[in-house]
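Trainee: My questions will all concern the structure given below.
The values are calculated or read from the model by the stated rules, or taken from the named source; none is laboratory data. Treat the numbers as computed from the prediction; the structure is a model and nothing was measured. Cβ sites come from the backbone with ideal geometry, for glycine too, and all protein chains shown count toward neighbours. Accessible surface is based on the protein model in full, side chains and every heavy atom, while ligands, DNA and RNA are left aside. Shrake-Rupley method; radii C 1.70, N 1.55, O 1.52, S 1.80 Å.
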Amino acid sequence: MTEVRHNWTKEEIAEIYHRPLLDLVYEAATVHRENKDYSEVQISSLISIKTGGCPEDCAYCPQAARYNTGVDVHAIMPMNEVIMAAQKAKDGGASRLCMGAAWREVRDNRDFDKVIEMVTAVNAMDMEVCCTLGMLNEHQAQRLADAGLYAYNHNLDTSEEDYKRIITTRTYDDRLKTLEHVRKAKITVCSGGIIGLGETVADRISMLKTLSNLPKHPESVPINALVPVKGTPMADQPRVSIWDMVRMIATTRIIMPKTVVRLSAGRTEMSVVEQAFCFMAGANSIFAGEKLLTTPNPSFDTDMAMFELLGLKPRKAFKNGKPGVAKEVGEVVEG
Ligand code: SAM
Ligand code: DTB
Ligand code: SF4
């Protein structure tokens, strides 16, 4: 069994990242097969419960109020729509519903009370519930945990060194603090990044070092390819090469062998062959459903046809037990 390490150096990660491509993929596939049921893919479906008007300046984001992207601002989604979306996602094969809000941070107000109600309701539908709501404090993380939240998504996005180029309205340290609060509340951690922001390979490696040197590896690491959106500062970024995506996924798989690696944004631009390469390189999760938060994504039917073709199967919810019920959450290692 591959050892789980928390002391990877940048040099070691760079050596892995730069291996000849097919050696890299072979190694990642080997690690994947030692550690996982490699034919199982975890499916998450996203809904945007509060869209647009965000005060942050994340250079890639269509929901930042300061960019003219054509995304309409919406108040928080009513509960009946959340339930309908959750049922649709479940029927489509998703084991997890991820609710996203265009907030800088959680505030202790009526909207947060509504999110708590949504978490409780979706959890009762026997789906894993994930939220991505921006920064939160220990008390807010605990409220979410008490409502049955399974995972919290909070991406590092890029390296610490590169952060200021992408976001100026908060710091890397703010991000890491929220991850600590999530851990402390015994919610599983989902944290990854985006490639194609004009970062260097050294930045990608640095971000992977931060993630793999956390006291506990995130249970899931989403690797997003930038979806360039008109009106954002990243609108004219060239499409990221599929081989960069494959290298990033394979390196993540090797250094965090027990983590669920999610092939995230950018799949509408990828062929089935390209996605198959990503699964071979150790990706074992996707976002499914025709929308991510505001941009398009392949439909459930398209993905099911791809799974059929590739011999992949959707993973059932709560495979590692429900936090606090089947196992101690401290023992939960996805996959
Ligand atoms: N506001 C919260 C936050 O920033 O944590 C939650 C929602 S935010 C949209 C969640 C994540 O979506 C970001 O951290 C980023 O990694 C990803 N994202 C946003 N826009 C993207 C884009 N155009 N392409 C790829 N990923 C994107
Ligand atoms: C993640 O890593 N990617 C998802 C989810 N976590 C929240 C979001 C992708 C958003 C892509 C742009 C959009 O649809 O607005
Ligand atoms: Fe706001 Fe999140 Fe978009 Fe940044 S990524 S602008 S915090 S919604």
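Trainee: Looking at GLY93, GLY70, can you tell me which residue is closer than 30 Å to ALA305 by Cα and either within 16 Å of ligand 3 (Cβ to nearest atom) or modelled with pLDDT under 95 (or both)?
Mentor: The unique qualifying residue is GLY93.
Trainee: Does GLU199 fit the bill of being touching a residue at least 60 places away in the same chain (Cβ under 8 Å) and of a type in the set (Asp, Glu)?
Mentor: Criteria not met by GLU199.
Trainee: Condition first: buried (at least 21 other Cβ atoms within 10 Å of the Cβ) and in contact with a Leu (Cβ under 7 Å, 6 or more places away or on another chain). Now tell me which residues in the range 29-46 satisfy that.
Mentor: If the condition is that a residue be buried (at least 21 other Cβ atoms within 10 Å of the Cβ) and in contact with a Leu (Cβ under 7 Å, 6 or more places away or on another chain), then VAL41, SER45, LEU46 are the ones that fit.
Trainee: Name every residue in the range 117-156 that is assigned to a loop (DSSP other than H, G, I, E, B), under 24 Å from ASN80 (Cβ atoms) and open to solvent by 10 Å² or more (accessible area, probe 1.4 Å), in order of residue number.
Mentor: Across the range 117-156, the qualifying residues are ALA124, MET125, ASP126, ALA147, GLY148.
Trainee: Hey, does the range 213-234 have a residue that's in a helix (DSSP H, G or I) and either at pLDDT below 95 or surrounded by fewer than 24 Cβ atoms within 10 Å (Cβ to Cβ) (or both)?
Mentor: So far as the range 213-234 goes, no, none of its residues is in a helix (DSSP H, G or I) and either at pLDDT below 95 or surrounded by fewer than 24 Cβ atoms within 10 Å (Cβ to Cβ) (or both).
Trainee: Something else about it: Is it the case that some residue within the range 69-77 is in contact (Cβ under 8 Å) with a residue 60 or more places away in the chain and buried (at least 22 other Cβ atoms within 10 Å of the Cβ)?
Mentor: Scanning the range 69-77, I find at least one residue that is in contact (Cβ under 8 Å) with a residue 60 or more places away in the chain and buried (at least 22 other Cβ atoms within 10 Å of the Cβ), so the answer is yes.
Trainee: Now for a different question. Look at the range 157-188 and say how many of its residues are open to solvent by less than 30 Å² (accessible area, probe 1.4 Å), in a loop (DSSP other than H, G, I, E, B) and either out of contact with any Asp or Glu (no Cβ under 8 Å at 6 or more places or on another chain) or within 15 Å of ligand 3 (Cβ to nearest atom) (or both).
Mentor: Final tally of qualifying residues: 4.
Trainee: Okay, next question. Got a number for residues in the range 189-204 being open to solvent by less than 10 Å² (accessible area, probe 1.4 Å) and either closer than 22 Å to ASN7 by Cβ or among the acidic types (Asp, Glu) (or both)?
Mentor: Summing the residues that are open to solvent by less than 10 Å² (accessible area, probe 1.4 Å) and either closer than 22 Å to ASN7 by Cβ or among the acidic types (Asp, Glu) (or both) in the range 189-204 gives 4.
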